[in-house]
Amino acid sequence: MAGPPPDPTEPVDIRYDNARQRLEITWADGKESAYDYEFLRWHCPCATCAGEMGIPGHLQFVTELRPEQYQLASIELVGHYALRPTWADGHDTGIYAFDRLRALGDEAAASLRAKERGKSQGKSQGEGQGNEPSGRGHGRAGSG
Ligand SMILES: [Zn+2]
């Protein structure tokens, strides 16, 4: 029996980097995706955040998140199909199915690029230049 072909929505490696605030997934077909925590929180699929059956979710009424809403407290695997993060504000009802995460990959990459552009604002470094021109007239007059 030959093994099944790689499932593109199956992660083979999941890493989270709290310093850079991103979740990185390597998929079975070799593709890599990275998700900013804030991006993930905005895409929380739970009924409270995203709404359900025509009822708008909480996130549709806010324009920005508080920092504790996108700090990751912990993350756990749900069966073989999803990730469930717990956010620093205690919110843990969002279950992110891998096929959904895979589908969000390109959007997440664009969001990360935009964020990095915004962050790298020109840093100028002034070099101290302490060089005063000291010109003192030296008069010499007269010739032998
Ligand atoms: Zn939620």
Using the number of other C-beta atoms within 10 angstrom as an exposure proxy, rank Asp92, Asp17, Asp36 with the fewest first. Asp17, Asp92, Asp36
Using every alpha carbon pair in segment 55-98, what percent of pairs falls into each 5 Å bin from 0 up to the bin containing the largest distance? 5, 22, 22, 24, 18, 9, 1
What does the charge count around Asp7 come to, taking other residues whose C-beta lies under 13 Å from its C-beta (Lys +1, Arg +1, Asp -1, Glu -1)? -1
Can you give me the Kirkwood hydrodynamic radius for segment 1-105, using every pair of distinct Cα atoms, in Å to one decimal? 14.5 Å
Fully extended contour minus Cα-Cα distance, from Glu64 to Tyr81, at 0.36 nm per residue: 3.2 nm
Ordering of 49-56, 96-103, 66-73 by packing [mean C-beta count within 10 Å, highest first]: 96-103, 66-73, 49-56
Give me the net charge of Ser74's neighbourhood, meaning all other residues with Cβ under 15 Å from the Cβ of Ser74; Lys, Arg count +1, Asp, Glu -1. -2
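Every number here is computed from the coordinates shown, using simple stated rules; none is lab data. The model shown is predicted, which means the values in this text are computed figures rather than measured ones. Every residue, glycine among them, receives a Cβ derived from its backbone with ideal geometry; neighbour counts consider all protein chains shown.
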